[in-house]
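Contents: one structure, followed by commentary.
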Amino acid sequence: MIYEVNGNLRSSMLIDGTAEARLADILTIMDKRTFPKRESERIVGGPGRLKALVNSRRVRVEYRPNGRSYYNASDVLSFAKVRKGRNHEKNNSQRAIA
């Protein structure tokens with residue numbers, strides 16, 4: 001879909017479906033993938049939240065023979081949390097000029 005905003009033409013990312021349909025497609029594809037522990041912790045918002053999600057059986061975990069745990073990517077992405085803080089996004093426009 002092409003539309004106009006403030007005199008600029010833009011196109012929507014979702015041409016053939018809704019946001020819900022695209023999200024369902026992404027989660028279906030990622031259901032066969034896994035994330036390592038640290039990556040999963042970063043996505044869901046920390047080790048405590050990941051542990052709570054695993055204990056409540058909302059996130060599936062797979063323990064491999066090498067002793068490492070891998071978490072279902074679809075489950076982890078379903079509980080993704082956007083972080084807002086000073087170390088997560090750097091503002092390069094406020095650099096000091098020498």
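Taken together, the values in this text are just the output of simple stated rules run on the coordinates, not laboratory data. Model, not experiment: these values are computed from the prediction. Here the Cβ is made from the backbone with ideal geometry for all residues, glycine too, and neighbour counts use every protein chain on show.
When the Cα atoms of region 2-82 are enclosed in a convex hull and the volume is divided per residue, what value in Å³ results?
Taking the convex hull of the Cα positions in region 2-82, it is 120 Å³ per residue.
For region 2-82, what is the relative contact order in percent, using Cα pairs closer than 8 Å and at least 6 residues apart in sequence?
32
By counting other Cβ atoms within 10 Å of each Cβ, how are 23, 77, 50, 9 ranked from fewest to most?
Ordered by Cβ neighbours within 10 Å, fewest first: 9, 23, 77, 50.
Sort 54, 82 so the one with the fewest other Cβ atoms within 10 Å of its own Cβ comes first.
82, 54
Could you give the length gained on full extension between residue 28 and residue 6, defined as 0.36 nm per residue of separation minus the Cα-Cα distance, in nm?
That works out to 4.3 nm of additional length.
Neighbour counts of other C-beta atoms within 10 Å: give me 70, 63 arranged from fewest to most.
Ranking 70, 63 by Cβ neighbours within 10 Å, fewest first, gives 63, 70.
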